[in-house]
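Everything on this sheet refers to the single structure shown next.
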Amino acid sequence: MSFSVTVIVLFALLLLGYFVGRKRSIYVSKNNTKPLHSLPQYYGYLVALWSCLPALLVLLVWTALNSSVISSMTISYFPEQVQQLSKDDLSLLVNEIINLSESKEVLQDSMKQAVVSKYLHLVELSQQLKVGVVFILAFVGMFIGFRLIKPHTRARNLVEKLVRWTMVACASIAVLTTIGIVFSVVFEAHQFFKSVSISEFVFGAHWSPQGAIREGQVGGSGSFGALPLFVGTLLISFIALLIAVPLGLMSAIYLSEYATDKFRAFAKPMLEILAGIPTVVYGFFAALTVAPFIRDMGESLGLQPASESALAAGIVMGVMIIPFVSSLSDDIICAVPQAMRDGSYAMGATKSETIRQVIIPAALPGIVGGVLLAASRAIGETMIVVMAAGLFANLTLNPLQAVTTVTVQIVTLLTGDQEFDSPKTLAAFALGLGLFLTTLLLNTISLYMVRKYREQYE
Amino acid sequence: MMNKRSEFDVEINDTKGTPFIDNAKISARNVEVFYEKKQAIFNTSIDIGKNQIVAMIGPSGCGKSTFLRCLNRMNDTIQSCQIRGEIKLDNEDIYARQQDPVLLRARVGMVFQKPNPFSKSIYDNVAYGAKLHGLTSNQVELDDLVEKSLMRAGLFNEVKDDLHKPGTGLSGGQQQRLCIARTIAIDPEVILMDEPTSALDPIATAVIEELMIELSKKYTIVIVTHSMQQAARVSQRTAYFHMGHLIEVNDTNTVFTNPEHQLTENYITGRFG
Ligand SMILES: Nc1ncnc2c1ncn2[C@@H]1O[C@H](COP(=O)(O)OP(=O)(O)OP(=O)(O)O)[C@@H](O)[C@H]1O
Ligand SMILES: [Mg+2]
């Protein structure tokens, strides 16, 4: 029985448990002088959970550990001298066995053939045992749940406690995933910093990782100064926010305070579409329309702009993230109570005074949230930058020059064939770590500002 | 002497008593208010005398707040609200085309039924109007004004150390007094108060009532209240509303001792509905 079928059967048992439990509790309460502690459906939930949860847990753990346990048992089937081999070779051998077992050909090598058949037997056995154990557990669980239907069983409290623990489990999955990602990035970055010093990475002004793989070449060692990348990221994001924050905020204010309901119902979804356009489309728009336009403009002003520029990428990115600012701000501004507006009007304030001095301050935490979301989108954006701002790491604050960003470099580092432990590949993790710390810093600063502001006025 | 009649037997088209007086600050004529199709105020005419306190009483939902909001054009902010008739302030039609509601509201202040402080500090709440209209020329004057206004609303002693804490963090009754302080800080000619003491204890209520009496030497006050004792204590004239109709207006004494209309009598003797 495959995993999914087992789960479906367990689900059916869950429903069965619920109905049996409910029926039984109604029956018990009728034939008992003492009333049941909880409502019938809670006994239903209790039986359902007992019949499903233990079995499901065992199923999950078994499935997760299955392959590693079987591999290690397979190793023990090899002859003595084979087991002396190094760890890597052994795991290669096991992989070979697994592959062979799938092809089902009869092999010349009698030793391998023996192991393959033992392996197949093992897989079969594990599968049957698993299904057996799971269903026995399910029925035992249902029986225990059934026996629990008594007046003094606090079914509601038990179920609610369990629901709470389930929620804790869900929340911890999210938290643990984050921690896991951070740790793996930190670990790989640590590997990288064994070959390149942190100060060189953070403050170095020269980025050319390509040199690292052409060994023996003149000037063959690559240089990993990431400063230009971070400056480029911040420059482009800054330009994008410079476009998106005023435009987004103004449109939010217009939509929520001035526009008629009819216009708002039409315009808000239209604005939100901007965020749904694939970034590649923005990318070629930036590369083919905006970048040449900026170059021509710059030339006519007597400047020497590059054909790809931070400005082009920043402007297009800014347009892309307008809805993050406008939509969230609009929601928040609408949520400011009408009574507060009335209070301001009754003091003889005009509409614009009311907006500036009462509504925006009241909505500020939400507005900052929207801007933050937009900023993280901008910092993480890759495609537009590749197409419109270039790949060349250039330490400059001039928006008319070509720059590159951290995310773009991560992509170029990891595309194509690489050795996994070369500094070039590991550099991607160091960049990832840097990016993570940057956004973390930005988030912390703005959360701090919001909190400080809130303490003052709420 | 009193034969029991149901309220619908009573003629309610005409306002009883003396709705019109000399020396009126505000005079409303044939005012009707609609929310969408629903009529909330029917053909109401009343004069509000200069330096007087006029109390408006009546059962919940009878249109007191609605009528009050007509007097400073706060109903303009409700899209579905339509107003007919004429309201004059110092003999100028406040609904005339050339009238600016913003300027009008600076002259006719309002304290709302539900306290609605801004999400600003206590200080900034009170200073808001003064800053808006440039009433003070420097920080010292502004500090003075804030302190004086809070003092008059009977709130200063409670908040004098927390002037920079948020106004929304105060208790309901404190917020109500904050809103009163905020309104008197802009020095309006007319003050409309919608149940200004509904959340206050007797002592704070007494402070506000004293404030009203003191203010009425200089200003004109309209107060909506559910407390007939309060109406009797502070007001010179009382208006009784019933289901959108202005039933009776008279000297407060007369209304409470010798009401002309059956509905008024039912209400003040606690026998309405
Ligand atoms: N914004 C609005 N939209 C639609 N109808 C409204 C609105 N405000 C008030 N009304 C209606 O107008 C009528 C009068 O309401 P109003 O608030 O003036 O009563 P009130 O006399 O102040 O009552 P209370 O003593 O409970 O404050 C009510 O029937 C109410 O349903
Ligand atoms: Mg009211």
**Item:** Whole-number accessible area per residue in Å² for the range A:279-392, which is evaluated in the context of all protein chains at 1.4 Å
**Value:** 38
**Item:** Global geometry of chain B, whether rounded, prolate or oblate, following the gyration tensor of its Cα atoms and the 1.5 cut on a/c
**Value:** prolate
**For A:Trp207, residues with placed amide H under 5 Å, excluding near neighbours** = A:Gly225
**Complete:** Karplus-derived 3J(HN,Hα) from phi for the range A:163-168 (6.51 cos²θ - 1.76 cosθ + 1.60, θ = phi - 60°), whole Hz, x at Gly and Pro, runs 4, 5, 5, 4, 5, 4
**Fill in**
FRET efficiency for B:Ile21 and A:Thr412 from the Cβ-Cβ distance with R0 = 60 Å, rounded to 0.05, comes out at 0.10
**Message:** Could you compute how much accessible surface A:Met73 exposes when probed at 1.4 Å, giving the result in Å² to the nearest 10?
**Reply:** 80
**Request:** Could you order B:Lys120, B:Lys160, A:Lys262, A:Lys194 by accessible surface area, starting with the largest, using a probe radius of 1.4 Å?
**Result:** A:Lys262, A:Lys194, B:Lys160, B:Lys120
**Request:** Name the long-range amide H neighbours of B:Glu248: under 5 Å, sequence gap of 5 or more, or other chain; modelled H, no Pro or chain starts.
**Result:** B:Lys16, B:Tyr240
**Prompt:** Taking the DSSP beta bridges in the protein assembly as shown as the whole, what percent of them are antiparallel, to the nearest 5?
**Reply:** 55
**Percent of beta bridges antiparallel (DSSP, the range B:16-268, rounded to nearest 5)** = 55
**Message:** Considering only protein heavy atoms and a probe of 1.4 Å, how much of the accessible area of chain A is carbon and sulfur, as a whole percent?
**Reply:** 68
**Asked** Tell me, what HN-Hα J-couplings in whole Hz come from the Karplus equation 6.51 cos²θ - 1.76 cosθ + 1.60 at θ = phi - 60° for each residue of the range A:315-331, using x for Gly and Pro?
**Response** 5, 5, 4, x, 4, 4, 8, 3, x, 4, 6, 6, 5, 5, 5, 4, 4
**Fill in**
Rounded to a whole number, the mean other protein chain Cβ count within 10 angstrom for residues of B:119-132 is 4
**Message:** With +1 assigned to the C-beta of every Lys and Arg and -1 to the C-beta of every Asp and Glu, and no other charges, what is the dipole magnitude of the protein assembly as shown about the Cα centre in debye, to the nearest 20?
**Reply:** 2360
**Request:** Show the residues, 5+ positions off or on another chain, whose built amide H is closer than 5 Å to the amide H of B:Ser216.
**Result:** none
**Asked** When the chain is fully extended, how far beyond the present Cα-Cα distance does A:Val175 get from A:Leu125, taking 0.36 nm per residue of separation?
**Response** 14.4 nm
**Charge dipole (debye, nearest 20) of chain B; +1 at Cβ of Lys and Arg, -1 at Cβ of Asp and Glu** = 380
**Prompt:** For chain A, what is the calculated [θ] at 222 nm in deg cm²/dmol (nearest 500), taking -39500 (n - 2.57) for each run of four or more DSSP H residues and dividing by its residue count?
**Reply:** -25500 deg cm²/dmol
**Message:** Can you tell me how the protein assembly as shown classifies by the Cα gyration tensor, rounded, prolate or oblate, using a/c under 1.5 as the rounded cut?
**Reply:** oblate
**Asked** Using the alpha-carbon atoms, what tilt in degrees (0 to 90, nearest 10) does helix B:172-185 show relative to the longest principal axis of chain B?
**Response** 80
**Asked** Roughly how many Å² of B:Leu68 are accessible to a 1.4 Å probe, to the nearest 10?
**Response** 0
**Asked** Expressed as a rounded percentage, what relative contact order does chain A have, with Cα pairs under 8 Å and six or more residues apart?
**Response** 16
**Prompt:** In whole percent, what relative contact order does the range A:3-153 give with Cα contacts below 8 Å and a gap of six or more residues?
**Reply:** 38
**Prompt:** Using the heavy atoms of the protein chains alone and a 1.4 angstrom probe, what is the accessible area of chain B per residue in square angstrom?
**Reply:** 45
**Asked** Just how much of A:Thr63 is accessible, in Å², when a 1.4 Å probe is used and the result is rounded to the nearest 10?
**Response** 60
**Asked** What's the average, rounded to a whole number, of partner chain beta-carbon atoms within 10 Å of each residue's beta-carbon in B:67-75?
**Response** 1
**Prompt:** Where a Cα-Cα gap under 22 Å defines reach, which lysines qualify for A:Lys130, not counting those fewer than 8 residues away within the same chain?
**Reply:** A:Lys118
**Message:** Please list B:Leu89, A:Leu120 from largest to smallest accessible area, probe radius 1.4 Å, with all protein chains kept in place.
**Reply:** A:Leu120, B:Leu89
**Request:** Would you kindly derive the ³J(HN,Hα) couplings of the range B:198-212 from the backbone phi angles with the Karplus curve 6.51 cos²θ - 1.76 cosθ + 1.60 (θ = phi - 60°), listing them in order in whole Hz, with x for Gly and Pro?
**Result:** 5, 10, 9, 7, x, 6, 4, 4, 4, 4, 5, 4, 4, 4, 4
**Complete:** Any lysines whose Cα falls less than 19 Å from that of A:Lys30, other than same-chain ones fewer than 8 residues away, would be A:Lys150
**Message:** At 7 Å along Cα-to-Cβ for each site, give me the label-to-label distance between A:Leu441 and B:Val140 in nm.
**Reply:** 4.6
**Message:** Along the Cα→Cβ direction, 7 angstrom out, place labels at B:Gln79 and A:Ser103. What is the inter-label distance in nm?
**Reply:** 7.3
**Asked** Could you work out the helix-only [θ] at 222 nm for chain B, with each DSSP H run of four or more residues adding -39,500 (n - 2.57) and the total divided by the number of residues, to the nearest 500 deg cm²/dmol?
**Response** -9500 deg cm²/dmol
**10 Å Cβ neighbours from other chains, averaged over peptide B:99-108** = 3
**Message:** Sort A:Phe284, A:Phe183 by heavy-atom solvent-accessible area, probe 1.4 angstrom, most to least.
**Reply:** A:Phe183, A:Phe284
**Message:** Order B:237-245, A:429-437 from most to least packed using the mean count of other Cβ atoms within 10 Å.
**Reply:** B:237-245, A:429-437
**Message:** Can you give me the C-alpha center-to-center distance between the range B:90-140 and the range A:241-256, rounded to a whole angstrom?
**Reply:** 28
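The values are calculated or read from the model by the stated rules, or taken from the named source; none is laboratory data. Source: prediction; values computed, not measured. Using ideal geometry, Cβ is built from the backbone for each residue, glycine included, and neighbour counts are taken over all protein chains shown. What goes into the accessible areas is simple: the full protein's heavy atoms, side chains included, and nothing from ligands, DNA or RNA. Shrake-Rupley method; radii C 1.70, N 1.55, O 1.52, S 1.80 Å.
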